[in-house]
Each structure stands twice: as structure tokens, then as C-alpha cells.
Amino acid sequence: MSFNFIDWESFNDIIIEGSTTLAEYCAQYSAVQTNWVYTLAGFIAIAILLIKKNKKWYWYAFILLYVLMSFTSVGMHTANYGEFQPGVLTTKLFASYIDMSLTELVAWSGVCCFAIEFYQQAHEKKKRNIFLICETALMLVVIGVLTYEVFVLHDRPLYIGGGGAPMDGKTGGLSLAEFGCFLTALPILYLLFANFKKMSKTERALLIFTICTFLVAFIITSLWGDNEITEFALGNVHGHSLWHILTGLASLEVVFWVDQRSTNELLAKNGIKAI
């Protein structure tokens, strides 16, 4: 297997030859550039936690994985899009394996962070540990499925919404591993709703805003997030690129929530009502 990434400077020649459409080229270039929103958001998030002297190590771990994912995502979108060949381990397929593995780890770590955040009392440790074990088991299963898809099938068929079509860069839908990634993140909703009444009004407002940001991003990338520029916004905005921008902003919103929660915990220790 030889590694083959897009040479942006000569990409116009590839388009002229007909192996790649202009819509596909624009979509991938847009996706690569907007991926840096993740990187920038991660650096800002770490800076906020450091400036506020936040000592919750698990959130630092989550953000570092987030930043690392931004680089692997760039690699995935830069990998040559003319390489889709079912049954062949191409650069694109291998890059998608690295990127999806990091995405799965980010989803897993996010759920674990909220579980640790909400179940800190001594009587809650057993519940927290069971939750973390189950979440980790789910994460390992998803990565196992992803590994099977890439290194055994040498393809990631788009079973969810794609009718089992091969991952050809143009057909919409989700592979089992991608669907599994969403399942891994789903327990966050349980944690948030189960502990909603325990939070202050400001914390609730920040979380609702964050969930809405993720929801809007999910809807846009699901309906208009294909690997080509689509009719969304008259073809002037790439749906998946908006996913990058909005979820990058959502990660910052989570950090603002962490900071607010940490502030309220400090106020409570001093006998002051939470904000």
C-alpha cells in the first residue's frame, strides 16, 4: 500500500481529466480548511481552563483528543478521493480508519467526562464505575467493527441510509462504525437529563444551547453533508463543513459549562448560592 494524498496545486488537472468533479474538489477543500476550527477551538478551550486554574484533568484529556482528531480529520479529507475501490485497502480507507478511531475516542471520552462530573460523591462511585465500564465496552465494540470493516472487508459499506452501497465518496449514508459512534455518544443525553434538575439555571441554559448547536449541526450534515457540494444554501455552503464549524463551537460551549460548574462548586463550598 502506498500513501496517496491530494496535491491541491495540481488538482485542477485531475478535474479536467474527469476523475474528480469540481463539486467534490470544492467540498473536500472546504472540509479540510474548516477542520482547523476544531484545532483552534481546542487550543482556546485549554487556554480557558488553564487561565481559570481548573484542576479537572479529565476535561483536559477530552480536549487533547479533540485537537488530535482535528489533525486526523484533515488527513482523512486530504486522502485522495479518487481511490475508492471496494475490497482494496487504499489511502482513503486507511485514513478513514485513523480518523474514525479518534472520533470514537472523542465520543467515548466526552461521555466519561460527564459521568465523572455528575457522579463524584462516595455513594455514587459504584454507579459511575458501572457506567464507565459499559461505555468503554461499547467503544471497544465499535472500534472492533471499524477494524473488521477496514482490514478484513477493505471497505465500509454504508448500511444506514445508504442501502449497503460501498463507501465511494458520493453516496450518502453511514457505515456501521459511524452509526456506532453516534450510539457511543448517546448516553450523554441520559446523563444530562438525569441530572438536569441538579444543575443551576446558568448551567442548564449553557447545556441546552450546546445541545441545540450539536442538533443543528447534525441535521445539516445528515441532509446536506455529502462528499460533494449540494443544493444546500444554493450550493454556496458545504453541509459537512458547517458540521465542523458548529461542533467546534459546541466544544467551546461545553468548556464554558465546565467553567461555570466549577465556579458554582467553589461557591457552594463557601456557602454561597450557585449562579
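The values are calculated or read from the model by the stated rules, or taken from the named source; none is laboratory data. These numbers come from a predicted model, not from an experiment. Here Cβ is always computed from backbone atoms with ideal geometry, including for glycine, and neighbour counts include all displayed protein chains.
Pairs linking a residue in the stretch 178-198 that is surrounded by 12 or more Cβ atoms within 10 Å (Cβ to Cβ) to a residue that is among the basic types (K, R), with Cβ atoms under 7 Å and 6 or more positions apart or on different chains, are F196/R204. Across the stretch 222-275, the number of residues qualifying as in contact with a Cys (Cβ under 8 Å, 6 or more places away or on another chain) and in a helix (DSSP H, G or I) comes to 0. Could you tell me whether L40 is crowded, with 19+ Cβ neighbours inside 10 Å and either in contact (Cβ under 8 Å) with a residue 24 or more places away in the chain or among the charged types (D, E, K, R) (or both)? No.
Report yes if L192 is under 28 Å from L40 (Cα atoms), among the hydrophobic types (A, V, I, L, M, F, W, C) and more than 14 Å from the chain's Cα centre (by Cα), otherwise no. Working first, answer last.
Values: under 28 Å from L40 (Cα atoms): yes; among the hydrophobic types (A, V, I, L, M, F, W, C): yes; more than 14 Å from the chain's Cα centre (by Cα): yes.
Yes; evaluated as a whole, the condition is true for this residue.
Please indicate, with yes or no, whether at least one residue in the stretch 219-233 is out of contact with any Phe, Trp or Tyr (no Cβ under 8 Å at 6 or more places or on another chain), closer than 26 Å to V111 by Cα and modelled with pLDDT under 95. Within the stretch 219-233 (the criterion being out of contact with any Phe, Trp or Tyr (no Cβ under 8 Å at 6 or more places or on another chain), closer than 26 Å to V111 by Cα and modelled with pLDDT under 95), the answer is yes, since at least one residue qualifies. Any residue that is under 22 Å from F256 (Cβ atoms), at pLDDT 80 or above and among the charged types (D, E, K, R) - is there at least one of those in the stretch 54-76? Yes; the residues of the stretch 54-76 include at least one that is under 22 Å from F256 (Cβ atoms), at pLDDT 80 or above and among the charged types (D, E, K, R).
Scanning the stretch 45-104 for residues that are over 22 Å from Y25 (Cβ atoms) and among the polar types (S, T, N, Q) returns N54, S101, T103. State whether the residues of the stretch 219-237 include one that is of a type in the set (G, A, S), over 19 Å from the mean Cα position of the chain (by Cα) and not assigned by TED's automatic domain parsing to the domain that holds L174. Taking every residue of the stretch 219-237 in turn, at least one turns out to be of a type in the set (G, A, S), over 19 Å from the mean Cα position of the chain (by Cα) and not assigned by TED's automatic domain parsing to the domain that holds L174.
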